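Undergrad: Got a structure for you, written out below as structure tokens; questions coming shortly.
The values are calculated or read from the model by the stated rules, or taken from the named source; none is laboratory data. Please read all numbers here as calculations on a predicted model, not as lab measurements. Heads up, the Cβs are rebuilt from the backbone with ideal geometry, glycines too, and the neighbour counts pull from every protein chain shown.
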Amino acid sequence: MVNNPETDPLPFFHRFDFAAKHLNNCTRMDIYEQIVQLRREGRRGAVATITNVRGSIPSFQTAKMLVRDDGSIAGTIGGGCVEAEVWQAAREVMEEEKPRTLTFNLNNNPKYDTGLVCGGTLEIFIEPVLPPALLYIFGAGHVAYNLYKVATIAGFDVVVVDDRESYANRERFPDAREVIAEDFEAATARLDPSESSHIVIVTRGHRDDMRVLRWAVNTRARYLGMIGSRRKTISIYKELEKEGVPAEKFANVHAPVGLEIGAVTPEEIAVSIVAEMIAVWRHALTNVPSKTYSYPPSQNPEHEEQDALEEENARNS
């Protein structure tokens, strides 16, 4: 017997192997444990919950289904075409990172009549599951220390990397998720930032900045910022271009890092950086472009003076 894809939802489900993945996952741990595990892995998902029921439906109020970023599911809200549509909506919710509510009238729409329901209506709330915002700070000087403090208050998990153990240690960064005292190239060789990660480069010198940036532009990180004046940042880009790094790799680098609020002190610079990361994280700004790569070397004496001031503050470690 051949299933009709227009009326029978089963072929749709089979394409994504829902049944197999549901059986494989639901028996091992409950949905809340699945959500915690997903976030620990730095992955995204969406949770669909039946919030309102009128009449008879093939499930119950508060039933939940988790849809992971790879399309697999845990839990169920009753199966059939409703679950198929919720799965698709959940994929969109995790991409947009915004919740939505769906309403299904099982009485009036014949496509939901699969023989499994008696008729009724239900509302399903779908909310995104997002991993914790993770910040990698390369450097452990004054700016890095204040960035760690402000970012921690703002809710970021922080990993600090520096090649100086006297700076990169638990006494200095007690609440960091991880503190790595290791050569930058050795550290980056074993790090794999997820799509929810943020990277800020604030090392004590431009050579180290360049070493980290060479690696960082090829990661999946959502946000990448580097400290330094316009002039010095452009010079790093040009050097990396000579090595063969494509110029377009720098298009999303936020450098000089941070929103332009006139920040001068390490504390102020930290606030400007965290503000910019939040703007990107929360989609408050649809396009936060690099503040450096399009800049020509400044001939304005005021800009030269500002460059020198930024340089002094940025390297005060």
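Undergrad: Identify, please: which residue in the stretch 229-270 is among the polar types (S, T, N, Q) and either under 24 Å from Ser197 (Cα atoms) or touching a residue at least 60 places away in the same chain (Cβ under 8 Å) (or both) and is, among those, surrounded by the fewest Cβ atoms within 10 Å (Cβ to Cβ)?
TA: Per the stated criteria, the residue is Asn252.
Undergrad: Filter the stretch 165-180 down to residues that are under 17 Å from Arg204 (Cβ atoms) and surrounded by fewer than 17 Cβ atoms within 10 Å (Cβ to Cβ), then give me how many there are.
TA: Qualifying residue count for the region: 4.
Undergrad: Six or more apart or on different chains, Cβ atoms under 6 Å: show the pairs whose first residue is in the stretch 171-186 and under 17 Å from Leu135 (Cα atoms) and assigned by TED's automatic domain parsing to the domain that holds Ala140 and whose second is assigned to a loop (DSSP other than H, G, I, E, B) and of a type in the set (Lys, Arg).
TA: Here the result reads Val179/Arg170, each pair linking the stretch 171-186 to a residue that is assigned to a loop (DSSP other than H, G, I, E, B) and of a type in the set (Lys, Arg).
Undergrad: While we're here: Could you list all residues from the stretch 265-283 that are modelled with pLDDT of 90 or more and either polar (S, T, N, Q) or assigned to a loop (DSSP other than H, G, I, E, B) (or both)?
TA: Thr265, Ser272, listed by residue number.
Undergrad: While we're on this one: Considering the stretch 195-244 alone, what residues qualify as being of a type in the set (A, V, I, L, M, F, W, C) and more than 24 Å from the chain's Cα centre (by Cα)?
TA: Those that are of a type in the set (A, V, I, L, M, F, W, C) and more than 24 Å from the chain's Cα centre (by Cα): Ile234, Ile236, Leu240.
Undergrad: Search the stretch 187-200 for residues being assigned to a loop (DSSP other than H, G, I, E, B) and in contact (Cβ under 8 Å) with a residue 24 or more places away in the chain, and hand back the single one that is nearest to Trp281 (Cα to Cα).
TA: If we take residues in the stretch 187-200 being assigned to a loop (DSSP other than H, G, I, E, B) and in contact (Cβ under 8 Å) with a residue 24 or more places away in the chain, then Ser196 is nearest to Trp281 (Cα to Cα).
Undergrad: I want to confirm something. Restricting to the stretch 147-164 and keeping residues that are outside any loop (DSSP other than H, G, I, E, B) and hydrophobic (A, V, I, L, M, F, W, C), which single residue is surrounded by the fewest Cβ atoms within 10 Å (Cβ to Cβ)?
TA: Ile153
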